[in-house]
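A short reminder: the numbers here are calculations on the coordinates, not readings from a lab. Fair warning: this is a prediction, and the values are worked out from it, not measured in the lab. Neighbour counts are summed over all protein chains in view; Cβ atoms, including those assigned to glycine, are modelled from backbone coordinates with ideal geometry.
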């Protein structure tokens with residue numbers, strides 16, 4: 001693992017409270033698994049009236065933002081509570097993280113503007129999370145996002 005990977009993982013760990021029971025890639029894998037993959041997650045967002053936002057994350061254009069309330073509506077309180085429990089956190093802590101990072105993660109998992117891998121591997125998820133967090137860290141230090 002390179003220095004930037006290490007920094008990114010440590011930063012994410014810090015944002016998650018430093019005491020998570022499960023690593024963030026495993027949490028994301030769990031979220032996708034419960035939803036039925038990226039396609040299932042897309043369906044959940046569409047059912048919650050957020051299909052346009054989700055489609056923007058998949059497309060090659062600008063990602064539309066999503067609020068914490070919209071995220072909760074799409075994912076559902078039971079799933080969110082389960083994720084929070086797996087991470088050893090409460091839902092009010094993970095909601096802003098999901099709202100901020102899930103659009104970027106979906107965007108990076110669909111670089112050609114379409115869903116080609118409905119169930120990404122743990123390695124893919126870890127790589128995408130590292131990239132997203134690294135981009136966020138770069139922005140903090142004056143780099144490009």
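Projecting label points 7 angstrom from Cα along Cα→Cβ for residue 70 and residue 119 puts them 2.9 nm apart.
For the range 44-145, would you read off the P(r) tail past 22 Å as a percentage of all alpha carbon pairs?
Tail of P(r) above 22 Å: 33 percent of Cα pairs.
Hey, for a label at residue 127 modelled as a point 7 Å past Cα toward Cβ, could you say which residues of the range 42-82 have their backbone N under 19 Å away? Inside the label zone: 58.
The label-point distance for residue 79 and residue 100, in a model that sets each label 7 Å from Cα toward Cβ, rounds to 2.2 nm.
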